[in-house]
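Everything below concerns the one structure shown next.
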Amino acid sequence: MAYHCYHQTPCPACGRHYVRFDATEACPWCGSAEAPVYDLVEEVVHYARQTLIAQGHLAIGGFVPTTLADGYVVRAYEALEARRRLPELPAALVAAEAVQSWRLADEAEQAHWERFLVAVLEHWEAERHRAPAE
């Protein structure tokens, strides 16, 4: 179980696709902070909690990404499942190991993904034991 993220707003300055998940996040390619903020961290954690309740794990199996933003969903779920299985590992280590395995060429893009995953993992820690909304 997962969900599709239809956020398709490219960077207004350079036209490359990324999700500005926080007001402090700039485009990893051009450094612009013009893109609208999209609270993907909250959204991913919300749906991940529902997924965990429904299926007992966060593996998304046959999920087929249909948008560029779905890549954020897939990668976040993978990091959340790794953290769930290895809760003693710090969020920063889980994020760094995940990003390193993707072999991204650009250091700014790597840093962007690490910040995104750390934000997701930290928000997960804050929310995971809260009772689900009715």
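The values are calculated or read from the model by the stated rules, or taken from the named source; none is laboratory data. Keep in mind that this is a model prediction, so the values were computed, not measured. Cβ placement follows ideal geometry from the backbone for every residue including glycine, while neighbour counts extend to all protein chains displayed. Keep in mind that these areas ignore ligands, DNA and RNA; they rest on the heavy atoms of the full protein, side chains included. Shrake-Rupley method; radii C 1.70, N 1.55, O 1.52, S 1.80 Å.
What the table below lists for this structure:
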| quantity | calculated |
| --- | --- |
| Theoretical FRET efficiency, 1/(1+(r/R0)^6), r = Cβ-Cβ of residue 93 and residue 42, R0 25 Å, to 0.05 | 0.60 |
| Tilt relative to the chain, helix 70-85 - C-alpha long axis, 0 to 90 degrees, to 10 | 40 |
| Calculated Rg/Rh (Cα atoms, Kirkwood Rh) (choose from (1) 1.15; (2) 0.95; (3) 1.08), label | (2) |
| Check: the chain dipole with +1 on Lys, Arg Cβ and -1 on Asp, Glu Cβ, in debye | 300 |
| Radius 15 Å from Cβ of residue 125, net charge of other residues (Lys, Arg +1; Asp, Glu -1) | +1 |
| Distance between segment 6-37 and segment 80-134 - C-alpha centres, whole angstrom | 20 |
| Full-extension gain in nm, residue 55 to residue 108, via 0.36 nm per residue minus C-alpha separation | 15.6 nm |
| Estimated inter-spin distance, residue 101 and residue 4, nm [label 7 Å along Cα→Cβ] | 2.6 |
| Between helix 91-102 and the chain: long-axis angle, C-alpha atoms, 0 to 90°, nearest 10 | 60 |
| Accessible surface of the chain [probe 1.4 Å, protein heavy atoms]: carbon and sulfur percent | 53 |
| Calculated [θ] (222 nm, deg cm²/dmol) that DSSP helices of n ≥ 4 give over the chain, each run adding -39,500 (n - 2.57) | -16000 deg cm²/dmol |
